[in-house]
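Working notes for the structure below.
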Amino acid sequence: MTGPTTDDPQPPDRRRSLLVAGAIGVGLMAAVDEIVFHQILAWHHFYDRSTPEVAVLSDGLLHSVELVLLVAGFFGFADLRRRGALHRSAGWAGLLLGAGAFQLGDGVVDHKVLRVHQVRYDVDLLPYDVAWIGAGVLLLAAGAVVGARAARPERARRR
Amino acid sequence: MRWWALAPPVRNAPGADDVAGERTARLGPASVSHGSTAHVDPTGWLPAVALLTVLVGGYAATAVRVGVRTGRPWSAHRGAAFAAGALVLAFAVSPGVALVAPDAARAHMVQHVLLGMVAPLGVVLGAPLTLALAALPVRRRRTATALLRTRAVHVVSHPVTAAALHVGGLAALYLTPLYSRALAERWLHDVVLVHVTVAGCLFAWSLVGPERAARGPGPGWRVGVLVVASAAHGSLAKLLYARAPALPPGSPHSGEELRAAAQWMYYAGDVAEVALTVALLATWYRRGARHIGAPAVAGR
């Protein structure tokens, strides 16, 4: 412990816990997408040759933001732990919301709007898109439920 | 069709392989670091060993002198970082590259990644400038410090300039005939490698240089430039993948080799981005700061 330690720990920082865990959620989901679907299953590639040029740049920007978010999220998390300011349920809510937001954004923006790549090729896409986007919606809903409970004052006191 | 219009790859015209083969044969000894047979000759390792000895020896001797003079030993962490960087640098110009890369295109990419991204991080974190300044006599140190504070140095070492030199240099290398010219002419090849190394060090220094921590643009700028530069690097890699073997223009490599090399470039860029972000945020974390650009919660 090298950080500044005070005798009375700060009250849990709900908002920062939510933000920091949200950043980790986005980064983790992106990592799952890349490792599981791009590399292990190889359903879709990091690039497919029918992609329009603007999408390549915007996808690149999105990807590099994800990586920075993941690293920044873990540093922010470590900082919250060091200060004793981590609010657990707000953190879980943030993680679920971040993961859901990425999944939904990837499914709608990357796959459907920008058409960077599709979930899988040479198959009927509909069930895959429904599962992809549905997973995002479910994660967001779970995050919203946990977040609503975290917002209640009696939960806040118990952390 | 725009220069980067992402059309399906053009099939090699009949006889294209012969032309490529002929070009490779003509390269001969001019492309030692790209050749796959270079590791047979042990003298090929001499320049790399000499480079490593000079870099690490010079650094260690200076560190010892500074330690004796100031009465405080020079940081072992910094020394280890610099030594690791120097080792990577030396390996990248040794025949060892041909041992890890299955073909000439990937051999080049290994050099690009090691010289431009991996080695600079170690070298910069080793704080060789701080060490050199500490070793100078007071009067000359003042001159050197004044030189470092000039507007020219400030402009060149701004993250935006450094990123433009770094990624822009790569774009110039891969999108123009420069790459094939460099394969044919040894001096140009060396100039390219030096540029990649220097621009990589400048970029890393502008972001995480210990001498720059208190000066230059703030963390927001640095993270922003890192994100944009990484995106540009990744997009360039995808472009090379999509347009192989038409890019780099006139290269002797096959489309398959070039696509594999482009993938190495893409994934190595990710690793480099994460490593630079960690180095950048570690400084912030160590200072015990309470917020990363989130002023809304700073008061809590």
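Coordinate-derived values only; no laboratory data. Since we're looking at a predicted model, the values are computed, not measured. Virtual Cβ from ideal backbone geometry, glycine too; neighbours counted across all protein chains shown.
What's the FRET efficiency of residue B:278 with residue A:31 using the Cβ-Cβ distance as r and R₀ = 22 Å, to the nearest 0.05? So, using R0 = 22 Å, E works out to roughly 0.90. One equal scatterer on each Cα of region B:89-173, no solvent, Debye formula: the resulting log10 I(q)/I(0) at q = 0.13, 0.20, 0.22, 0.23 Å⁻¹ is -0.62, -1.01, -1.09, -1.12. The largest-to-smallest principal axis extents of the Cα set in region B:32-188 are 50, 37, 24 Å.
Pairs of Cα atoms nearer than 8 Å and 6+ residues apart set the relative contact order; for region B:46-289 it is 22 percent. A crude spin-label estimate for the pair residue A:130 and residue A:109, with each label 7 Å from Cα along the Cβ direction, gives 2.6 nm.
With an a/c value of 1.5 or above and a/b larger than b/c for the gyration tensor axes a ≥ b ≥ c computed over the alpha-carbon atoms, region B:53-117 is described as prolate.
FRET efficiency for the pair residue B:180 and residue A:82, taken as 1/(1 + (r/R0)^6) with r the Cβ-Cβ distance and R0 = 41 Å, rounds to 0.20.
Taken over the C-alpha atoms, region B:228-291 has Rg and Dmax values of 16.6, 53 angstrom. Of the Cα atoms belonging to region B:138-277, the radius of gyration and Dmax stand at 17.3, 57 Å.
Size estimate for region B:46-289 follows the Kirkwood approach: the inverse of mean 1/r over distinct Cα pairs works out to 19.0 Å.
Summing charges over all other residues whose Cβ lies under 13 Å from the Cβ of residue B:209, with Lys and Arg as +1 and Asp and Glu as -1, gives +3.
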